[in-house]
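One structure is given here, and the rest of the page talks about it.
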Amino acid sequence: MAMYSSAAARVLDSATKAGAQYADVQFWTMRSESLFVRNGDVLDASDNRSIGYAVRALVDGSWGFYGSDRMTDDDFDRAAIAATVIARSGSKVADRIAAVMPTKKTIATWETPFTKDPDSVSLGDRAAHLLDVEKSMHVAKNVIAAFSFLNLWTTGKEFYSTTGSAIVQTIRQAGAGCGATAIGKDHDAQTRGGPGDFGLFQGGGYEVVDAADLATIAPEYGREAVILADAPALSTRVADLLLDGTVLNLQMHESIGHPLELDRSLGWEANFSGVSWATPDQVGKLRYGSDLLNIYCDNAMPSGMATVGYDDEGVEPARVPLIENGILRAFLSSRDTAAQVSLPETASTRAQDWASVPMVRMSNIGLVPHEGTLESIVADTKDGVLVSGMRSWSIDDHRLNFQFGPQIGYEIKNGKRGKIFKQPTYTGVTPQFWGSLDRVGGESEFKVWGTPNCGKGEPEQSGRTTHACSVARFRNVKLGVKADA
Amino acid sequence: MHEQDRALSLAETVLAAAKEADQAQVSITITDASYARFARNYVTQNLESQQTSISLTYYIGKKAGTVKSADASPEGIARLVADAKKIAERVPPDNSFVSLPKPEQLPAGVPSFFATTADASPADRVEKLLPVFARMKRSNLVCSGFTTTQTQTLAIANSLGVRVAYTGTNGGIQVKAIAGSTSGYAQSYALDYATIDTVPVAEIAASKATVSPEPANLEPGRYAVILEPSAFQSAVKALLEGVDAQNVLDDKDSWMIDRIGKPVMSPNFTLRSDWSDPRLANPPFDPNDGSAVKRFTFIDKGVPVAYSASTYLANKFKVPATGVADSMVIDPGTKSREELIASVDHGVLVSRTWYERVVDPRQAAITGLTRDGVYLIENGKLTKTLKNFRYFVSMVEVMKDVEFSNRSTLAEPESDLGYQCVLPDAKIANFNLAAQTSFA
């Protein structure tokens, strides 16, 4: 339901009178519910709300942005004028690339599909569930800590512009996860948790919490934490590496999603999260990986964390291939970045909240599934390590050299799982690593994995992204990297 | 009415509305933040935002509900209290909760608010950028970065009588200069934006970017490495992230375990928590609960001696409460930065690092990448730009042999830590540069 159309009209009128050649305003109503349980205690039970708006004004090709949660008519006028003054200050800089003047008018409404209303599950029931999950991970005396959590986010957005656009959306996202920490005989503490990036994060309602199925996986996490605490560290070796979805999705995030953000490629992120080794002039030519590497952007993806009807510039998503048979085809873009290099827009502009400036974000990407199950790929592997759960990850500011530290490694010899190792770190260089991709699992293993906290921008914003995938195998990867090597 | 007084008055109004709670805490945060971000020598994002947050934690015995909003109207406050109370009624308890902190006599704060920062306009910020762009164009360089001015007010009131408030400003600039295949970085931060001179910042970044036309290779291995303050802050966070009771007593994954009281690192290394350092000028209270923050020493001449503990953890584990530790100061050494460089026969100088991750917290083992200015030191002189490296070290091990420059400076806010440190350059004798990248 549109609640702010009158306020928006006032803001846009004030911005125009102040000299903006284009302006838009977004009103956000944000709700964030969190529950966190650790060792039998409820450490956080919160329900946070934030309502605010942000004006973008365009003056002579220069953007200005002003966000506020003050909601009187005088505040609306002040915000509109301030955005225009800010835009004008940037227009004083010579030799700049002018921003694109938006022209499209869109009138639409959209809501994230969901099957279970969060309001149908009482706070008591949510807490009882998490406490049961947490308790079930204390499978041995040396499990010193266990945790479980859930998050529910509901964001109402109303976008209005001087081109006449009026887009009203309700975005729903959720996540749930758990983990256990065990201490070994040499006092080493090891944590095993998940699913995914310490939780399953997707677009949707409470059905996402149900889909995490914590009650089933939690005791196994407890058992594996106990094993890990006394397990040997993986020795340094070169072998085949199998990534289950919990690791593969983050590998995609760091070494494909981020380098294909077009603002990065154009140098806009150079001071903070870096640039990209892939550049627009390489579209159609750059070999990013093996022929099995098929990556797409789809910001209408069912259950995607970044799934919307329209992005934060009012652009409607469409599925865009980014890499086809290993060859670079496109980038994730905003209106301004796409225009600079004549590439398609991917509706990838997002802001963390009403106080943050919208920018290019990874949004939803996917790896096209191929064939086989995880177990059939294991059976097909002579000498390798299967890894699961992410513990640490690091990549350079061109997105080339990376080192990842999964939680657990299972040695594979002649098609069978064997010893368990802790610290199964691995390292690689992006195009060589994806070039060694020789198996991609099929539809049965395909899952929509999300992260709730991708950092980018100055000031830093936290973004919610999705990287849907099955499982994969890479040949001859350096494993078991050590600090004292 | 001063903003602090306004915030405290609002906190008291909310607290009064929650008088039925067994205990209650109200936090008010008012933030005004502006950024002029730039790339390719022009302003790409130019923004300001102002946010107010009212947070209420309502306790019924050991059960707690927390609600945040920005609605300070009587109806908004009533809804806030009702929602927080409803949560507290419905959730199981936190059995480790003992009590909110009681009021304490706090020392006077140090000057933390400067009107020149709070009142800086969009034109003021762009004015500071124009000489940066001009310097880059003179040398055919492009730059990326931002300048910022921020004001934050924080007030906390609880039902036991805690009443604290603080207002602080912060301003800064970060500049990355890019020349074809090489880059250089410089930054400057101060509470008083008027004191930030962007001309020398641009000069340092541009000079660093143009030491060599192409970056050179260097065989990966262990070298004497000098980390400039920005780089040192990012590496030492492997230690900083393990000095709290949460890590030592609760998670039991801190490097401090089994090392407290033992001389495990160089006697040159002293790490302190000091909110009153004028370069930091942090509040004398914990921003989480308003309790007093102590000034104390974590590592005393290479010996880990103490860890921090919030009121909650102090009650839980029956240890002394220190308040949060986010005012980290590392004491300087005796040699100038130039003297440190001159003392290296064959080593590397690192300006900045990125994407550090602690791989093994018990050993403070951390991996990361260098960026924006890595140089070979030969016979005491910087000779050429190098391609970047991935490093992978145990900070407990490498800090056994470290020397510091004689000047500690304020580094930029560190992304993972969420705060700034005051620290010198660090010369580490045996630093593992594990792999080299293909670029600078």
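Contact order for the stretch B:113-272, expressed relative to its length and based on alpha carbon pairs under 8 Å spaced 6+ residues apart, stands at 18 percent. Measuring nothing but how far apart in sequence close Cα pairs (under 8 Å, 6+ apart) lie, relative to its length, chain A scores a relative contact order of 15 percent. Would you mind classifying the protein assembly as shown by shape? Square roots of the alpha carbon gyration tensor eigenvalues, ordered a ≥ b ≥ c; an a/c under 1.5 is rounded, otherwise it is prolate if a/b is larger than b/c and oblate if not. Cα axes put the protein assembly as shown in the rounded bin. Over every Cα atom in the stretch A:301-390, the radius of gyration and the widest Cα-Cα span, Dmax, amount to 17.5, 53 Å.
Amide H to amide H distances under 5 Å link A:Glu261 with A:Leu332, where only residues 5 or more positions off or on other chains count and H is placed in the peptide plane.
Of the residues A:Lys456, B:Lys128, the one with the fewest other Cβ atoms within 10 Å heads the list, and the complete ranking is B:Lys128, A:Lys456.
Applying the Karplus relation 6.51 cos²θ - 1.76 cosθ + 1.60 with θ = phi - 60° to the stretch A:468-478 yields 3J(HN,Hα) values of 7, 6, 9, 10, 7, 10, 10, 8, 6, 9, 6 Hz, where x marks Gly and Pro.
Summarising the amide proton neighbourhood of B:Ser336: residues at separation of 5 or more, or on other chains, whose placed amide H is nearer than 5 Å comprise B:Asn406.
With a 10 Å cut-off around each Cβ of A:177-190, the average count of Cβ atoms from other chains is 2.
When the helices of chain B are scored as -39500 (n - 2.57) per DSSP H run of n ≥ 4 and the total is divided over every residue, the value at 222 nm lands at -6500 deg cm²/dmol. Expressed as an acute angle from 0 to 90° and rounded to the nearest 10, what is the orientation of the C-alpha long axis of helix A:73-91 relative to the principal long axis of chain A? Relative to chain A, helix A:73-91 is tipped by roughly 80 degrees.
In the stretch B:261-360, taking the dipole from charged Cβ atoms about the Cα centre, the farthest positive-side position among B:Phe285, B:Met328, B:Leu313 is held by B:Leu313. Look at A:Trp110, A:Trp63 and count the other Cβ atoms within 10 Å of each Cβ; fewest to most, that gives A:Trp110, A:Trp63. Measuring between alpha carbons in the structure, the pairs from B:Lys262/B:Lys335; B:Lys400/B:Lys427; B:Lys62/B:Lys102; A:Lys482/B:Lys262 lying more than 19 angstrom apart are B:Lys262/B:Lys335; A:Lys482/B:Lys262. Among B:Asp372, B:Asp300, the ranking by other beta carbons within 10 Å of each residue's beta carbon, starting with the fewest, stands as B:Asp300, B:Asp372.
Apply the a/c threshold of 1.5 to the C-alpha gyration tensor of the stretch A:12-122 and tell me whether it is rounded, prolate or oblate. Judged from the Cα gyration tensor, the stretch A:12-122 comes out prolate (a/c at least 1.5, a/b above b/c).
Simple point charges give the picture: +1 on the Cβ of Lys and Arg, -1 on the Cβ of Asp and Glu, and for the stretch B:179-257 a dipole about the Cα centre of about 220 debye. If you wrap the tightest convex hull around every Cα atom of chain A and split its volume per residue, you get 144 Å³. For the stretch A:120-196 and the stretch A:356-381, what is the separation of their Cα centres, given in Å? The two parts, judged by their Cα centres, are 22 Å apart.
Working note: 222 nm ellipticity from helices only, DSSP H runs with n ≥ 4, each -39,500 (n - 2.57), summed and divided by the residues of chain A, gives -6000 deg cm²/dmol to the nearest 500. Distance from the alpha carbon centroid of the stretch B:314-337 to that of the stretch B:116-154 works out to 32 angstrom. Here the relative contact order of chain B, from alpha carbon pairs under 8 Å that lie six or more residues apart, stands at 16 percent. Farthest towards the positive end of the charge dipole of chain B, among the residues B:Val110, B:Val91, B:Val243, is the Cα of B:Val243, using unit charges on the Cβ of Lys, Arg, Asp and Glu. The alpha-carbon of A:Lys456 sits under 26 angstrom from the alpha-carbons of these lysines, leaving out residues fewer than 8 places away in its chain: A:Lys157, A:Lys447, B:Lys68, B:Lys128, B:Lys176, B:Lys208, B:Lys237, B:Lys387. Counting only residues at least eight positions apart within a chain, or on another chain, the aspartates and glutamates with an alpha carbon under 16 Å from that of A:Lys17 are A:Asp60, A:Asp73, A:Asp74, A:Asp75, A:Asp77. How tilted is helix A:123-136 with respect to the longest principal axis of chain A? Cα atoms for both, answer in degrees (0 to 90, nearest 10). Roughly 30 degrees between the two axes. Partners of A:Lys416 within straight-line reach, counting aspartates and glutamates whose Cα lies under 16 Å from its Cα and excluding those fewer than 8 residues away in the same chain: A:Asp240, A:Asp244, A:Glu375, A:Asp380, A:Asp383. Shape class of the stretch A:176-277 from the Cα gyration tensor (axes a ≥ b ≥ c, square roots of the eigenvalues): oblate, since a/c reaches 1.5 or more and a/b does not exceed b/c.
No lab work stands behind these numbers, since they all come straight from the coordinates. Every value quoted in this text rests on a predicted model; they were computed, and no experiment measured them. All Cβ positions, even for glycine, are placed from backbone atoms using ideal geometry, and neighbour counts span all protein chains on display.
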